[in-house]
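Novice: Here you go, one structure.
The values are calculated or read from the model by the stated rules, or taken from the named source; none is laboratory data. Remember, predicted model here, so these are calculated numbers, not experimental data. All Cβ positions, glycine included, derive from the backbone under ideal geometry; neighbour counts span all protein chains shown.
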Amino acid sequence: MEWETVKVEGTGHIVELVLNRPQIHNAVNAQLLRDVAAACAAINELPDCRAVIVRGEGKSFSSGADLKEQKDLRAALKHRQHRAKLGANAVNAISDLYPVTIAAVHGHAIGGGACLAMACDFQIGSETCSVSIREAALGLSLSWNSIPNTVQLVGPKRAKQMILLAKAYDAATLLEWGFFDEVVPEAELLPAAQRMAQEYADMPPLPVHMGKASINAYVRMFNRAVFHMDEVGVTYSGLTEDAQQAAEVFFSGEKATWHYK
Amino acid sequence: MSWDTVKIEGSGPVRHLVFNRPQVHNAVNPQFICDVHDACLAIERDLTVRVVIVRGEGKSFSSGGDLQEDPTLGPVSLRMHRSKSGARLHDVLTNLRPITIAAMHGHAIGAGVVLGLACDFRIGGESLSVCINEVSIGLNLTWSTLPALVQVVGPQRAREMVILGRAYNGRQMLDCGFLGALVPDGALVAAAEAMAAEVVRQPPIPAALAKASVNAYALHMGRALHHMDHLAHAYTGASHNSRLAREAYFSQDAPAYIDE
């Protein structure tokens with residue numbers, strides 16, 4: 001099955017949800033967010049699917065927000081809010097997939113790209129991959145209902161480090177922190193994901209379905225409610241002069257002085 | 001815009017989402033669930049829409065699950081699947097960005113009641129009759145609806161409606177808080193449009209945020225507590241007594257339940 005920026009491969013017990021903008025490192029734009037949600041809806045209709053591997057075509061998992069599109073968003077508030085909602089919808093669509101989900105992360109997983117990976121049940125990384133949640137460095141709050149996902153993956157303290165300092169972390173560190181369940185050489189990434197997927201697919205399907213749904217319901221009970229203002233947070237922070245300056249110095253590397261305006 | 005069983009009318013900030021199976025009192029079948037879901041997604045994408053009036057073409061709002069389709073039939077996965085697709089629709093409609101006003105007349109039965117409950121406001125026409133008949137036909141009330149019902153009418157009335165499967169008229173539904181207003185059938189659409197005009201007079205962003213916050217507070221436990229609704233739906237449908245209850249519902253004879 002194919003959409004403009006995403007494809008779903010396979011029809012048996014294990015399918016792959018593939019981010020498919022390899023020419024720009026699977027940068028996330030509105031179309032990709034819509035396509036991810038649509039692909040997840042389609043996967044939930046597959047009667048035989050028991051596990052989903054989420055991966056990126058090309059050199060990276062996903063380099064995050066398409067910065068070309070970001071410039072257009074200096075437009076209407078409602079468009080910025082809507083865009084943030086699309087992000088939350090895509091992240092929640094992945095989390096709400098009935099089959100077990102495994103993110104296979106190679107290259108870069110940045111910002112919104114990291115959010116898509118964190119939405120899965122399990123994460124496997126390549127030895128050379130790098131993950132960063134860079135929103136704060138751009139003067140933006142982390143939205144897309146992804147704060148709880150980060151906390152649930154690595155605990156509150158590491159989540160604060162990752163989100164508030166906006167640094168990039170290597171695979172070894174993330175394995176130690178529990179972000180990754182396994183780290184393997186890049187050539188072995190997909191086979192490792194397949195092996196993990198097969199373990200879940202080999203179990204009786206009803207208890208696997210019920211167990212995942214119940215664990216998620218319990219752990220994620222407050223996710224949408226507590227974070228329902230996410231889209232306001234990122235829209236408002238994006239209006240600040242600090243965010244404007246951050247976007248300018250992000251590429252120049254100059255040191256900025258923040259004014260809380 | 002139109003689909004097989006649903007259409008969207010109007011342009012500008014106020015639209016009508018119209019159930020369009022009048023020949024069967026807008027009974028709910030898989031096509032209907034799919035079409036209403038797709039109509040909601042179309043509305044969600046259109047940032048010019050601020051209010052949606054949800055109503056039924058013909059004599060009724062919606063008579064609920066199409067009883068021509070026996071929900072107790074089919075493998076477990078199919079029975080669960082039918083219930084899950086309804087839950088997804090309920091979620092999308094409940095959390096639709098625009099404010100929703102259900103204009104309800106004639107019959108609202110089972111899933112038909114649920115569709116009205118998923119809206120922010122409900123205005124009734126005097127011909128309205130409301131009945132939650134799921135338990136009476138041997139099933140649980142599914143689509144993660146119970147929390148919303150309890151929020152709207154309180155636990156005691158919710159138990160009465162769901163356990164006993166009673167039918168209620170518009171006056172009773174107004175008194176218990178299910179309806180916000182009750183008007184003659186002929187004035188129903190005008191009343192909904194008047195309320196929609198009130199909404200449009202308010203600034204868009206604060207109005208939309210207030211809806212999101214009320215829903216977050218009032219309904220967040222619902223999804224978690226009822227995440228196994230679809231399993232319960234398959235489970236209740238699998239019992240022999242469920243079949244007896246359905247037969248009795250149509251024949252009006254007293255069911256002779258067995259010891260299950």
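Novice: Take residue B:106 and tell me if it is surrounded by fewer than 18 Cβ atoms within 10 Å (Cβ to Cβ) and modelled with pLDDT of 95 or more.
Specialist: no
Novice: Next question. Since residue A:137 meets every condition but one in (1) surrounded by 16 or more Cβ atoms within 10 Å (Cβ to Cβ); (2) aliphatic (A, V, I, L, M); (3) over 30 Å from residue A:254 (Cβ atoms), which condition does it not meet?
Specialist: Every condition holds for residue A:137 apart from (3).
Novice: Hey, residue B:92 hits all of (1) β-branched (Val, Ile, Thr); (2) over 22 Å from residue A:83 (Cα atoms); (3) without any contact (Cβ under 8 Å) to a residue 60 or more places away in the chain but one; which does it fall short on?
Specialist: Unmet condition: (2).
Novice: State the number of residues belonging to region A:176-193 that are farther than 24 Å from residue A:144 by Cα and surrounded by fewer than 17 Cβ atoms within 10 Å (Cβ to Cβ).
Specialist: Total satisfying the criteria: 6.
Novice: Let me ask something else. Sort out for me the helices (runs of 4 or more DSSP H) sitting completely within region A:169-261 that have 1 or more residues that are in contact (Cβ under 8 Å) with a residue 40 or more places away in the chain, in contact with a Phe, Trp or Tyr (Cβ under 9 Å, 6 or more places away or on another chain) and within 14 Å of another protein chain (Cβ to nearest Cβ).
Specialist: So the answer is A:205-219, A:230-238.
Novice: Residues B:79, B:122, B:97, B:55: which one is basic (Lys, Arg), over 26 Å from residue B:251 (Cα atoms) and within 14 Å of chain A (Cβ to nearest Cβ)?
Specialist: Result: B:97 is the single residue among B:79, B:122, B:97, B:55 that is basic (Lys, Arg), over 26 Å from residue B:251 (Cα atoms) and within 14 Å of chain A (Cβ to nearest Cβ).
Novice: Of all residues in region A:74-88 being more than 16 Å from residue A:111 (Cα to Cα) and either at pLDDT 70 or above or crowded, with 21+ Cβ neighbours inside 10 Å (or both), which is farthest from the other protein chains (Cβ to nearest Cβ)?
Specialist: Here the residue is A:80.
A quick yes/no check of all residues on (1) assigned to a helix (DSSP H, G or I); (2) among the hydrophobic types (A, V, I, L, M, F, W, C); (3) within 11 Å of the chain's Cα centre (by Cα); (4) buried (at least 24 other Cβ atoms within 10 Å of the Cβ):
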site	(1), (2), (3), (4)
B:35	yes, no, no, no
B:41	yes, yes, no, no
B:77	yes, no, no, no
B:81	yes, no, no, no
B:86	yes, no, yes, yes
B:112	yes, no, yes, yes
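Novice: Would you check which residues across region A:98-121 are in a strand (DSSP E or B) and either at pLDDT below 95 or within 20 Å of residue A:198 (Cα to Cα) (or both) and list them?
Specialist: Residues satisfying the conditions are A:100, A:101, A:102, A:103, A:104, A:105.
Novice: For region A:126-142, give me the residue count where each residue is of a type outside the set (S, T, N, Q) and in a strand (DSSP E or B).
Specialist: 1
Novice: So if I check each of B:190, B:207, which one is within 14 Å of chain A (Cβ to nearest Cβ), at pLDDT 90 or above and either surrounded by 19 or more Cβ atoms within 10 Å (Cβ to Cβ) or in contact with a strand residue (DSSP E or B) (Cβ under 9 Å, 6 or more places away or on another chain) (or both)?
Specialist: Just a single option satisfies the conditions, and that option is B:207.
Novice: Give the number of residues within region B:210-244 that are of a type in the set (Lys, Arg) and crowded, with 19+ Cβ neighbours inside 10 Å.
Specialist: Number of matching residues: 1.
Novice: What is the residue count in region B:37-52 for residues that are touching a helix residue (DSSP H, G or I) at 6+ places or on another chain (Cβ under 8 Å) and more than 14 Å from chain A (Cβ to nearest Cβ)?
Specialist: Adding up the residues that qualify gives 2.
Novice: Separate question: Does residue A:197 fit the bill of being among the aliphatic types (A, V, I, L, M), at pLDDT 95 or above, farther than 20 Å from residue A:58 by Cα and crowded, with 18+ Cβ neighbours inside 10 Å?
Specialist: Yes: the conditions hold for residue A:197.
Table: residues versus (1) within 19 Å of the chain's Cα centre (by Cα); (2) farther than 25 Å from residue A:229 by Cβ; (3) within 14 Å of chain A (Cβ to nearest Cβ); (4) in contact (Cβ under 8 Å) with a residue 40 or more places away in the chain.
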{"residue": "B:154", "(1), (2), (3), (4)": "yes, yes, no, no"}
{"residue": "B:164", "(1), (2), (3), (4)": "yes, yes, no, no"}
{"residue": "B:180", "(1), (2), (3), (4)": "yes, yes, no, yes"}
{"residue": "B:195", "(1), (2), (3), (4)": "no, yes, no, yes"}
{"residue": "B:201", "(1), (2), (3), (4)": "no, no, no, no"}
{"residue": "B:236", "(1), (2), (3), (4)": "no, yes, no, yes"}
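Novice: For region A:24-73, name all the residues that are more than 12 Å from chain B (Cβ to nearest Cβ), assigned to a loop (DSSP other than H, G, I, E, B) and basic (Lys, Arg).
Specialist: The one that is more than 12 Å from chain B (Cβ to nearest Cβ), assigned to a loop (DSSP other than H, G, I, E, B) and basic (Lys, Arg): A:59.
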